[in-house]
Amino acid sequence: MSDGKQDIARREDVRPAPALLPAVDIVEDETGITLTADMPGVPKEKLTVRMDGQNLSIEGEIALETPEGMEPSYAEIRSPAYRRSFSLSRDLDPSKIDAQFKDGVLRLRIPKAEHAQPRKITVSVD
Amino acid sequence: MYESLLRFPTDLFSEFDRMQQEMERMFGALGMPTSIRAVARGFPAVNIGTTPKSIEVYAFAPGIDASRLEVSVDRGLLTIAGERPSESSEVAEKVSVYADERFSGSFKRVVSLPEDVDPSGIQARYRDGVLRISVPRSEAAQPKRIEIK
């Protein structure tokens with residue numbers, strides 16, 4: 001907001017909206033977990049994926065191109081940011097997370113730790 | 001500038017009422033009721049902004065092949081249609097699904113446009129999962145400065 005006065009006037013009656021919870025799909029297979037999150041309107045440089053201990057958090061800021069002087073007249077997306085966090089269990093390996101982000105969809109692949117990978121045990125017959 | 005579009009008060013109920021009224025006012029300025037087809041909410045979420053020159057419609061439709069999006073205007077109704085294929089049908093057998101919140105399937109949303117727009121000048125762009133449709137207002141409806149002689 002370039003106009004400082006307007007900003008202050010707005011702040012009185014407008015509290016910042018809480019961040020949106022992005023819709024996610026979470027699927028586990030034998031070798032890890034795939035998390036897919038919808039974060040439309042977030043450019044790649046405004047996306048943050050963070051591991052803090054066992055906590056995985058995803059955050060994104062919405063940046064829309066808007067023409068000068070636009071007034072909102074109807075809105076279903078009413079917050080400028082997405083935020084959601086998850087706690088990972090110990091069988092997952094946070095150091096090997098792979099992240100891809102395209103067209104507002106974040107895909108995270110969290111592999112299971114070596115020791116948690118399924119192992120086929122050969123049964124020897126005497 | 002986009003902040004003003006997204007930053008709304010958190011008192012959702014009163015705010016929603018207010019926006020409904022605004023929408024009624026915007027679309028019903030000529031005494032016409034809001035289109036019965038334009039009431040439903042769903043996927044994609046839609047934000048609408050106005051400038052003196054255009055109506056800007058933002059449809060939040062992530063992960064869609066832009067070439068398969070269909071945008072059309074017919075008798076004052078702007079229609080956004082497309083399909084987001086289900087990904088779970090592709091996954092193998094040995095999986096557990098813990099969350100399945102994301103929309104999949106075909107969708108269609110209709111936005112009722114005011115009467116003073118020029119459908120021939122509509123532009124649509126898809127970026128970062130958001131489809132932005134600019135509908136210019138017709139020349140006659142744009143504010144003009146009248147020169148005093």
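The values are calculated or read from the model by the stated rules, or taken from the named source; none is laboratory data. Bear in mind that the values here come from a model prediction, so they are computed numbers and not experimental data. Every residue, glycine as well, gets a Cβ built from its backbone with ideal geometry; the counts of neighbours run over all protein chains shown. When the accessible area is computed, the model is the full protein with side chains, heavy atoms only, and any ligands, DNA or RNA have been set aside. Shrake-Rupley method; radii C 1.70, N 1.55, O 1.52, S 1.80 Å.
Can you tell me the mean projection area, over all orientations, of the convex hull of chain A's alpha carbons? Units nm², please.
10.9 nm²
With equal scatterers on the alpha carbons only and no solvent term, can you work out the Debye log10 of I(q)/I(0) for the range A:12-85 at 0.15 1/Å?
So the normalised log intensities are -0.64.
Can you give the helix-only mean residue ellipticity at 222 nm for chain A, where every DSSP H stretch with n ≥ 4 adds -39500 (n - 2.57) and the sum goes over all residues, rounded to the nearest 500 deg cm²/dmol?
After summing the helix terms and dividing by the residues of chain A, the value is -2500 deg cm²/dmol.
Divide, for the range A:30-69, the radius of gyration over alpha carbons by 2.2 N^0.38 Å, where N is the residue count.
So the Cα radius of gyration is 1.60 times the expected 2.2 N^0.38 Å.
Post the alpha-carbon centroid distance, the range A:56-126 to the range B:41-57, in whole angstrom.
Spelled out, the Cα-based centre of one part sits 28 Å from the other.
Hey, what's the per residue convex hull volume over the C-alpha atoms of the range B:54-138, in cubic angstrom?
So the per-residue hull volume is 95 Å³.
Specify the angular offset, from 0 to 90 degrees and rounded to the nearest 10, of the alpha carbon long axis of helix A:4-13 from the longest principal axis of the alpha carbons in chain A.
Taking the Cα atoms of chain A, the angle to A:4-13 is about 70 degrees.
Quick one: how many Å² of A:T48 are accessible to a 1.4 Å probe, rounded to 10?
60 Å²
Which one, A:V105, A:V49, A:V27, has the greatest fluctuation when you compute a Gaussian network model over chain A with C-alpha springs under 10 angstrom?
A:V27
Which whole number gives the average, over all residues in A:113-123, of C-beta atoms from other chains lying within 10 Å of the residue C-beta?
The per-residue average across the peptide is 0.
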